[in-house]
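Remarks on the structure that follows.
The values are calculated or read from the model by the stated rules, or taken from the named source; none is laboratory data. In this text the structure is predicted, and so the values were computed from the model without any measurement. Positions of Cβ are generated from backbone atoms using ideal geometry, with glycine treated the same way; all protein chains shown enter the neighbour counts.
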Amino acid sequence: MESKMSFIITHTIKNVSGLTTDLGPTETHFDIPWRVKANKRDNDNLDLYFNCCLNNSSNMWSVLAEFQFKLKSKTGEDSRGQIVMKLPKLVEEFVVDNQLTFECHVTIKDIVGISQRRKMDWEAPEERMTDLVMVVGEEKTKFHVHRVTLANFSPVFKAMFTNPQFRESSDKEVILEDVDPDAFKVLINYIHRCDTDITDKNVERILVLADRFDVSVMLKKCEKYLMKKSKFGMEKLLKLAETYQLVDLHGFCLDALKTTKQIANVCQNIDEMGEHTSKALLKKMKDIVEKTELYT
């Protein structure tokens, strides 16, 4: 979990030999968008940049932040600072399989003119607002939550808290041993505050919990994220769509496959696809071939 006003952005340049400019994806931390950038200059210098990407022309806002880049060499030694380095030296010391991974360690010192959402501290009880403690994961992270709120979003929680046959209906603490605490935090943030922080790093873990506890609105949020923002490949998206019955995502992926070559690329591991996806891909391939033959 992120510490107070600090975060790390990790980015991999996947084609160092052909590098001109490489922009990392925009990441939001503390309600502010950020991005890293790598640029190769004519003199073979590699420059790494860190930018705040807030798109607002007003001069009434500002962010003061300290940042430091970190590269790890092939020998395991760290290189830190605002990196400016000749590419030949970089390739010799840091590049593996034509790829370079670096981290940007950021500490925000001051924010002016940008509203910050209140961050909930689920590990601390809030008087009159919570009535249950969920003890989550191997580290037994405690989340102080509200039974009725959870029950309103989840039929599973509703049954757990209202059926007298379940001991959870009367217990003051409920233990969830096999649950990821970071994903659970995202889930209850949405349930209690309609606040989401879905990323490619956590979306699969959130889907597992949303499916397990039947939180349909969270499943839909994840589905929209996968359709609009995720960098996952088509094969992975189709697998997730079938695993969690994400019908809109499934249709979105199938509609995006326009050629037999695209379908063939996705079908390389068709044995690992679900039944619905396999049938849909084969039917789409057949339809495209027949349509092509009709007009030739």
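What do you reckon, is F213 assigned by TED's automatic domain parsing to the domain that holds L176 and among the aromatic types (F, W, Y)?
For F213, the condition - assigned by TED's automatic domain parsing to the domain that holds L176 and among the aromatic types (F, W, Y) - is met.
Among the residues in the stretch 162-169, are any surrounded by 15 or more Cβ atoms within 10 Å (Cβ to Cβ) and more than 28 Å from P25 (Cβ to Cβ)?
yes
Could you list all residues from the stretch 183-195 that are crowded, with 16+ Cβ neighbours inside 10 Å and either touching a Phe, Trp or Tyr at 6+ places or on another chain (Cβ under 6 Å) or not polar (S, T, N, Q) (or both)?
If the condition is that a residue be crowded, with 16+ Cβ neighbours inside 10 Å and either touching a Phe, Trp or Tyr at 6+ places or on another chain (Cβ under 6 Å) or not polar (S, T, N, Q) (or both), then A183, F184, K185, V186, L187, I188, Y190, I191, H192 are the ones that fit.
How many residues, within the stretch 134-161, are surrounded by fewer than 18 Cβ atoms within 10 Å (Cβ to Cβ) and either in contact (Cβ under 8 Å) with a residue 40 or more places away in the chain or on the phi > 0 side of the Ramachandran plot (or both)?
Number satisfying all stated conditions: 7.
Tell me the residue from D22, D31, D47 that is farther than 20 Å from V96 by Cβ, among the acidic types (D, E) and without any contact (Cβ under 8 Å) to a residue 40 or more places away in the chain, please.
D47
So, M218, is that one buried (at least 18 other Cβ atoms within 10 Å of the Cβ), of a type in the set (A, V, I, L, M), at negative phi and modelled with pLDDT under 95 or not?
It is true that M218 is buried (at least 18 other Cβ atoms within 10 Å of the Cβ), of a type in the set (A, V, I, L, M), at negative phi and modelled with pLDDT under 95.
Can you report the number of residues in the stretch 240-281 which are in a helix (DSSP H, G or I), hydrophobic (A, V, I, L, M, F, W, C) and either over 28 Å from K224 (Cβ atoms) or in contact with a helix residue (DSSP H, G or I) (Cβ under 6 Å, 6 or more places away or on another chain) (or both)?
Number satisfying all stated conditions: 12.
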